[in-house]
Amino acid sequence: MKTVNHWIGGRAVDGTSGNWGPVTDPATGAVTTQVALASAAEVDAAVASAKAAYATWGTSSLSARTTVLFRYRALLDAHRDDIAALITAEHGKVHSDALGEVARGLEIVELACGITTQLKGELSTQVSSRVDVSSIRQSIGVVAGITPFNFPAMVPMWMFPLAIACGNTFVLKPSEKDPSAANLLAELATEAGLPDGVLNVLHGDRVAVEGLLSHPDVAAVSFVGSTPIARHIHATATAQGKRVQALGGAKNHMLVLPDADLDAAADAAVSAAYGSAGERCMAISAVVAVASIADELVAKIRERAEKIKIGPGNDPSSEMGPLITRAHRDKVASYVTGAAAQGAEVVLDGTGFTVDGHEDGHWIGLSLLDRVSTESDAYRDEIFGPVLCVLRVETYEEGVALMNASPFGNGTAIFTRDGGAARRFQLEVEAGMVGVNVPIPVPVGYHSFGGWKDSLFGDHHIYGNDGVHFYTRGKVVTTRWPDPSDAPAGVDLGFPRNH
């Protein structure tokens, strides 16, 4: 059986806690790997490695950092397929989707390669007689990143490239459900010339998380995961005086107005709801259909959903793979089996789906629920699976009010041909990311990603300008230098004295 150990100080380090976690192939249900689960002592070792490396990396030149990052970007590009294969083997998503994940992570590596312009300061001269004021940004020290199972390569790459480009060192605690991609990312960083200890990978469970949150040498924590855990991360780490960006869960809505192109809206709904088996924090899980178009829209979504090919992620013909674990699969199915009792019309029920020859895999088909109530569990909870709810409203205003009443505010979208309605929507909807005829409005790397309300805890979104600001501290320097003409008597520097 394959073993995944920690990566500390630029090398693989055997786990010593005696605790191991199982990693399964979601397509077969078989345990293929064991991953080391860190002890408190191993947390200390990873942080100590990062702290020691910070002594030199934090004062290294920008050109030295970006030289490494450019080499790293080239290595990641050359190993796209290798990284994607690990994602498919442990997460289950189809290979093309895994490649897309790697590509979106590479965007942030490319942003980090251009960090020199992001870290430029400001200067005001002559604010008073012979007084100048400058603003600079400096690194903060050791940063911890705690990342989720659904994007085992992309989300880590949303964090550590920017953090280390800004001069920090990093301890990554990836999900123990699919840990291998994180180790490959770290190995390639070492191959690119990143000094030992700048990037460390610590595998583990709650022990590792709590150890990082309370460690006195960890200055900041980045997190992506569910809302309850994000809330805990934020409360715990800020109580320890750390800065925190904690991105939580979501219930993303797509408002479809009567004038929308319904074929485009149906295509978008299927892609956004069922892509990556719905295991995305930006998945559209609730379509809000306005007035008369609901019946036609539901029929178009059903027609498309029934054609999606589900199978192993390494099968090129598969369009959707299994869910990450058996327990998660059963939880997702429970929302569908209980939907009718809570008033929903079950248009598609995917709970009985399986794949011939892979019956022990974590399979579930696509489910479509119509006439869903805002009081039902399927609407209120983040399901994180291929279940799409359709809610019906009579007016635009009713739809926006319904969406804004949700405790989540991650991403949202509107489908319409009316520019005025779209403009009004982007100003009125209470969410951090908005798509206009775009179902999954994940920003490009040089803008920032993050939601509102219970989808974000902390003041900074991830990557983009917010990411740079999170991983640096501002400092203002006020300077007065004597003029050479004020030199002591007897020393003539040749400057005129008549001013």
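The values are calculated or read from the model by the stated rules, or taken from the named source; none is laboratory data. All figures in this text were calculated on a predicted structure; none of them were measured in a lab. Using ideal geometry, Cβ is built from the backbone for each residue, glycine included, and neighbour counts are taken over all protein chains shown. Protein only, heavy atoms only, side chains kept; ligands, DNA and RNA dropped before computing areas. Shrake-Rupley method; radii C 1.70, N 1.55, O 1.52, S 1.80 Å.
Divide by every residue of the chain the summed helix terms, -39500 (n - 2.57) for each DSSP H run of at least 4, and state the resulting mean residue ellipticity at 222 nm, rounded to the nearest 500 deg cm²/dmol.
Calculated mean residue ellipticity at 222 nm is -11000 deg cm²/dmol.
First check a/c for the chain, with a ≥ b ≥ c the square roots of the eigenvalues of its C-alpha gyration tensor; if it is under 1.5, answer rounded, and if not, answer prolate when a/b is larger than b/c or oblate otherwise.
oblate
Short version: what are the Cα gyration tensor semi-axes of the stretch 156-215, square root of 5 times each eigenvalue, largest first, in whole Å?
Here the semi-axes work out to 19, 14, 9 Å.
Could you do me a favour and compute the accessible area per residue for the stretch 107-229, 1.4 Å probe, result in Å²?
Here the residues of the stretch 107-229 average 30 Å² of exposed surface.
What does the highest-first list of 358-364, 372-378 look like by mean Cβ count within 10 Å?
Answer by packing, highest mean first, reads 358-364, 372-378.
Defining a contact as two alpha carbons under 8 Å apart and six or more residues distant in sequence, what relative contact order in percent does the chain show?
18 percent
What order, most packed first, do the peptides 416-429, 100-113, 13-26 have when packing is the mean number of other Cβ atoms within 10 Å of each residue?
In decreasing order of mean packing, 416-429, 100-113, 13-26 become 100-113, 13-26, 416-429.
Just check the stretch 243-365 against the gyration tensor rule for me: Cα atoms, a ≥ b ≥ c as the square roots of the eigenvalues, rounded for a/c under 1.5, and otherwise prolate or oblate depending on whether a/b exceeds b/c.
prolate
Could you give the length gained on full extension between S317 and D77, defined as 0.36 nm per residue of separation minus the Cα-Cα distance, in nm?
This chain segment gains 84.0 nm when fully extended.
Please go through the residue pairs K173/K307; K242/K331; K177/K453; K177/K309 and name each one whose alpha carbons sit more than 32 Å apart in this structure.
Beyond 32 Å between Cα atoms: K173/K307; K242/K331.
Three principal axis extents, largest first, for the C-alpha atoms of the stretch 364-478, in Å?
Cα extents, longest axis first: 62, 38, 23 Å.
If you place +1 on the Cβ of every Lys and Arg and -1 on the Cβ of every Asp and Glu, how big does the dipole about the Cα centre of the stretch 102-147 come out, in debye to the nearest 20?
80 debye
Dipole magnitude of the stretch 416-468 about its Cα centre, charges +1 at Lys/Arg Cβ and -1 at Asp/Glu Cβ only, in debye to the nearest 20?
That gives the stretch 416-468 a dipole magnitude of about 240 debye.
Computing the accessible area with a 1.4 Å probe over protein heavy atoms, can you report the carbon and sulfur percentage for the stretch 1-154?
55 percent
Between the stretch 47-100 and the stretch 127-148, how many Å separate their Cα centres?
Comparing the Cα centres of the stretch 47-100 and the stretch 127-148, I get a distance of 25 Å.
Rounded, prolate or oblate for the stretch 370-437? Axes are the square roots of the Cα gyration tensor eigenvalues, ordered a ≥ b ≥ c, and the cut-off for rounded is a/c under 1.5.
Here the stretch 370-437 falls in the prolate category.
With +1 on each Lys and Arg Cβ and -1 on each Asp and Glu Cβ, and nothing else charged, work out how big the dipole of the chain is about its Cα centre, in Debye to the nearest 20.
Around 1500 debye, computed over the chain.
Can you tell me how much longer the chain between R423 and T32 gets when fully stretched, taken as 0.36 nm per residue apart minus their C-alpha distance, in nm with one decimal?
Here the segment from R423 to T32 would lengthen by 135.7 nm.
Report the calculated FRET efficiency for A327 and A235 (r = Cβ-Cβ distance, R0 = 25 Å), to the nearest 0.05.
Working from the Cβ atoms, E equals 0.40.
Sorted by packing (mean other beta-carbon atoms within 10 Å per residue), highest first, where do 156-164, 133-141 land?
Result, highest mean first: 156-164, 133-141.
In nm, to one decimal, how far is the A52 label point from the D381 one, both placed 7 Å along Cα→Cβ?
4.6 nm
Mind checking the full-extension length gain between D459 and S17? Use 0.36 nm per residue of separation minus the Cα-Cα distance, one decimal, nm.
Value of the extension gain: 155.6 nm.
For the stretch 140-265, what is the convex hull volume of its Cα atoms per residue in Å³?
Hull volume over Cα atoms, normalised by residue count, gives 149 Å³.
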